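Structure record follows, encoded as structure tokens.
The values are calculated or read from the model by the stated rules, or taken from the named source; none is laboratory data. Everything quoted here is computed from the prediction, not taken from an experiment. Areas reflect the complete protein model, heavy atoms only, side chains present, ligands, DNA and RNA absent. Shrake-Rupley method; radii C 1.70, N 1.55, O 1.52, S 1.80 Å.
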Amino acid sequence: MVALMAGQAAAANVGDIATSLGTQFDDIGKLLLIICAVAGIGVALMGLFKFKAHTANPNDPSNKMSSALTLIFVGAAMVAIPEVLGAGISTVFGGSSNLADIDGSGLSISAD
């Protein structure tokens with residue numbers, strides 16, 4: 001059973017462990033931004049299909065115009081989340097050089 005274990009840990013000290021965790025959190029942030037963008041596009045497409053269903057049959061109560069518009073606006077908001085977060089963080093913490101850009105999308109964290 002012991003033979004199934006992986007090799008030794010690559011981190012030699014606490015600094016290496018912190019660096020490794022930092023890069024892992026950067027990757028998680030990038031993944032969340034990608035998921036948010038893809039989900040936003042999907043929700044906006046659902047809104048467009050709901051709008052098409054409403055124009056085809058306006059008397060159907062499940063195809064309301066308000067639900068189509070809501071889906072489209074929610075999808076657009078999900079796609080815009082990275083820019084909104086970047087602008088908000090820059091407003092609160094300032095646009096100085098001590099802000100680190102995580103993935104080039106505008107989402108920044110303070111190095112303080």
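Worth pointing out:
- In this structure, residue 71 qualifies as in a helix (DSSP H, G or I), over 14 Å from the mean Cα position of the chain (by Cα) and at pLDDT 80 or above.
- Entry remark, region 43-68: residues being assigned to a helix (DSSP H, G or I) and open to solvent by less than 80 Å² (accessible area, probe 1.4 Å) number 10 in total.
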